[in-house]
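In what follows, a single structure is set out as structure tokens and then discussed.
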Amino acid sequence: MSFAARVIARLQADLAFQLGAPPPAAALGQVSSVLWRKVTDSRAIVKLEILCVVDRELYPQYVFPLTLPQVVGVGQQCQALAGKSMLGLVDNHLRITVIEISGFPLGSADHARLAGLRLGGTGAVFVDAIHVDVAARSCWAASRAGSTVMGIAAALAGADGLLDGMFDWTQWLDDVLRGRPQEPGVLRKR
């Protein structure tokens with residue numbers, strides 16, 4: 001079983017993600033394995049999370065082909081799933097995270113491509129990209145380009161603190177890679 005398959009199974013079992021793209025995100029489901037869930041914590045800024053997992057262990061030649069404007073467009077189509085604020089005046093935020101999992105380090109072209117899939121702090125749609133190198137047991141996040149796993153505890157929380165309390169997918173993936181025990185249903189926060 002590939003690491004991507006294990007990650008997908010853990011996301012479903014431990015964190016209540018649903019496998020398969022919701023209808024407005026069908027374009028993401030055509031190019032990756034999509035998992036999504038609504039966030040029920042009333043304190044959370046992000047109310048809908050969509051993960052796009054690309055298994056480059058099994059299919060090394062495959063890459064996530066969509067551009068940032070295309071991903072943001074899908075996010076805007078998913079806005080109704082995220083809902084409105086408690087007062088119903090503004091859209092709730094949603095986050096789309098692309099996770100490419102491979103057994104090799106990425107070259108500079110792939111890093112540039114994934115770094116281009118980062119949008120934070122503007123509008124209601126946040127986007128990030130993560131690469132997991134299973135062989136090296138390392139994670140890299142576009143939101144902290146050039147950082148190592150140990151230095152990106154806040155990678156998906158946004159450098160400006162706007163998204164305090166958001167789950168840290170990079171740390172979660174690192175824990176799974178290294179076989180660290182985790183409490184079911186709980187993600188460490190930054």
Quiz prompt | Condition check for E100: over 17 Å from C139 (Cα atoms) and within 16 Å of the chain's Cα centre (by Cα) | solution = no
Practice problem: Using the structure shown, decide if A4 is touching a Lys or Arg at 6+ places or on another chain (Cβ under 9 Å), at pLDDT 90 or above and under 18 Å from L177 (Cβ atoms). | Solution: yes
Practice problem: Test R43 against the stated conditions and say whether it is closer than 21 Å to V134 by Cα and modelled with pLDDT under 90. | Solution: no
Practice problem: Please verify whether region 134-154 includes one or more residues that are at pLDDT below 55, in contact with a helix residue (DSSP H, G or I) (Cβ under 8 Å, 6 or more places away or on another chain) and not aliphatic (A, V, I, L, M). | Solution: yes
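Out of everything in region 12-27 that is of a type in the set (A, V, I, L, M, F, W, C) and in contact with a helix residue (DSSP H, G or I) (Cβ under 9 Å, 6 or more places away or on another chain), what residue ends up being modelled with the lowest pLDDT?
Filtering region 12-27 for residues of a type in the set (A, V, I, L, M, F, W, C) gives 13, 15-17, 19, 21, 25-27.
Add one more test, that the residue is in contact with a helix residue (DSSP H, G or I) (Cβ under 9 Å, 6 or more places away or on another chain), and what stays is 15, 17, 19, 21, 25-27.
Details: L15: 84, F17: 92, L19: 96, A21: 94, A25: 95, A26: 95, A27: 96.
The qualifying residue modelled with the lowest pLDDT is L15.
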Quiz item: Within the bounds of region 119-131, is there any residue that is modelled with pLDDT under 80, among the β-branched types (V, I, T), part of a loop (DSSP other than H, G, I, E, B) and surrounded by fewer than 23 Cβ atoms within 10 Å (Cβ to Cβ)?
Solution: yes
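Does at least one position in region 28-40 carry a residue that is hydroxyl-bearing (S, T, Y), under 17 Å from V132 (Cα atoms) and at pLDDT 95 or above? Break it down stepwise before answering.
First pass over region 28-40, keeping only residues hydroxyl-bearing (S, T, Y): 32-33, 40.
Still in the list and also under 17 Å from V132 (Cα atoms): 32-33.
Checking the rest, the ones that are also at pLDDT 95 or above come to 32-33.
Scanning region 28-40, I find at least one residue that is hydroxyl-bearing (S, T, Y), under 17 Å from V132 (Cα atoms) and at pLDDT 95 or above, so the answer is yes.
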Quiz item: Here are T67, T40, T97: which of them is buried (at least 21 other Cβ atoms within 10 Å of the Cβ) and of a type in the set (S, T, Y)?
Solution: T97
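Can you name the helices (runs of 4 or more DSSP H) wholly within region 4-111 that have at least 2 residues being in contact with a Gly (Cβ under 9 Å, 6 or more places away or on another chain) and touching a residue at least 40 places away in the same chain (Cβ under 8 Å)? Full working, then the answer.
Details: elements: 26-29, 68-77, 79-82.
Those helices (runs of 4 or more DSSP H) span 68-77.
The values are calculated or read from the model by the stated rules, or taken from the named source; none is laboratory data. Keep in mind that this is a model prediction, so the values were computed, not measured. All Cβ positions, even for glycine, are placed from backbone atoms using ideal geometry, and neighbour counts span all protein chains on display.
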